[in-house]
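J.: Just passing along the structure, written as structure tokens.
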Amino acid sequence: MTDENAWDARYRESTRIWSGNPNVVLVAEVAGLPPGRALDLGCGEGADAVWLAKRGWRVTAADISTVALARAAEHAAEAGVTIDWQHHNLEKTFPEGEFDLVSVQFLHNWEEFAREQILRRAARAVAPGGILLIEGHMDHGPFTHEGHEGHEIRFPTPGEVIEALELGDGWQVLKSEIHPRRQTGPDGNPAIRTDSTVKIRRNEKIRRNEKMRRN
């Protein structure tokens, strides 16, 4: 199956895959920011995008699964918010424009895919003064993945994520950390999972100087 077919099949397994709540790190790291343009990459069923839109952000949200996007649109309609839902295989196509916030929450895949390339493109989409927020796993937690036992994902550390972005000058690292997170496992019991957070800001002054030099 293509990645798109695989993800569509995954979402068809039940009427809801995720909790319907926004990711806790997104809420913690973004709640104090003034709303602007936001890009949610790998938006799934849309909980993060809807949360942002309800707080005044103008949101573009992208996912590879048309099944997930249809559910996300229903979620947005129920919440009374408007979101630009876009269908993308991020290895091949990418939303256009610059954004004050680019959020990448748990962009992992069991098959080989160009995650670092996608994250570098995400960084290029950040507007001057804007934020790139990347949340990732550091372990599998209480979950097993049938059919993928022979393919083990290596989860990069926050430092490795930042290095792979190849940012150069003009960025400020606001957060680079590994932290525990409570999660309910598939058996309904609570468990602890380890995640990583990278939060960086593009320097507005340097970007302006770059534009002046090009002119």
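The values are calculated or read from the model by the stated rules, or taken from the named source; none is laboratory data. What you see is a predicted model, and the numbers here were worked out from it, not measured in a lab. Every residue, glycine as well, gets a Cβ built from its backbone with ideal geometry; the counts of neighbours run over all protein chains shown.
J.: Please specify each residue of the range 29-58 satisfying the condition of being over 21 Å from SER14 (Cα atoms) and at pLDDT below 95.
T.: Hits for the range 29-58 are ALA31, GLY32.
J.: Only one of ALA6, ALA68, ALA49, ALA62 is touching a His at 6+ places or on another chain (Cβ under 7 Å) and within 16 Å of LEU107 (Cβ to Cβ). Can you tell me which? So that I can check it myself, show each step before the final result.
T.: On the way: ALA6 fails: touching a His at 6+ places or on another chain (Cβ under 7 Å); ALA68 fails: touching a His at 6+ places or on another chain (Cβ under 7 Å); ALA49 fails: touching a His at 6+ places or on another chain (Cβ under 7 Å).
So the residue among ALA6, ALA68, ALA49, ALA62 that is touching a His at 6+ places or on another chain (Cβ under 7 Å) and within 16 Å of LEU107 (Cβ to Cβ) is ALA62.
J.: Still on this model: Looking at the range 53-109, which of its residues are assigned to a loop (DSSP other than H, G, I, E, B) and buried (at least 21 other Cβ atoms within 10 Å of the Cβ)? Let's see the steps before the verdict.
T.: Filtering the range 53-109 for residues assigned to a loop (DSSP other than H, G, I, E, B) gives 55-57, 64-65, 80-83, 88-98, 106-109.
Selection gives TRP57, ILE64, SER65, ILE83, LEU90.
J.: Is the range 22-44 home to any residue that is touching a residue at least 12 places away in the same chain (Cβ under 8 Å), surrounded by fewer than 16 Cβ atoms within 10 Å (Cβ to Cβ) and polar (S, T, N, Q)?
T.: no
J.: Further question: So is PRO35 more than 16 Å from the chain's Cα centre (by Cα) and within 30 Å of GLU177 (Cα to Cα) or not?
T.: Judged against the criteria, PRO35 is a match.
J.: What residue, among those in the range 149-199 that are of a type in the set (Gly, Ala, Ser) and in contact with a strand residue (DSSP E or B) (Cβ under 9 Å, 6 or more places away or on another chain), is modelled with the lowest pLDDT?
T.: Our first condition is that a residue be of a type in the set (Gly, Ala, Ser); within the range 149-199, this holds for 150, 159, 164, 168, 170, 176, 185, 188, 191, 196.
Then drop every residue that is not in contact with a strand residue (DSSP E or B) (Cβ under 9 Å, 6 or more places away or on another chain), which leaves 159, 170, 176, 185, 191, 196.
Values: GLY159: 95, GLY170: 94, SER176: 97, GLY185: 56, ALA191: 73, SER196: 94.
By that ranking, first place goes to GLY185.
J.: Sticking with this structure for a sec: For the range 65-102, give me the residue count where each residue is out of contact with any helix residue (DSSP H, G or I) (no Cβ under 8 Å at 6 or more places or on another chain) and hydroxyl-bearing (Ser, Thr, Tyr).
T.: Adding up the residues that qualify gives 1.
J.: Still on this structure, I have one more. Of all residues in the range 105-139, how many are within 13 Å of the chain's Cα centre (by Cα) and aromatic (Phe, Trp, Tyr)?
T.: Here the count works out to 1.
J.: Only one residue in ALA127, ALA123, ALA61, ALA79 is modelled with pLDDT of 95 or more, closer than 17 Å to TRP7 by Cα and aliphatic (A, V, I, L, M). Which one?
T.: Answer to the check: ALA61.
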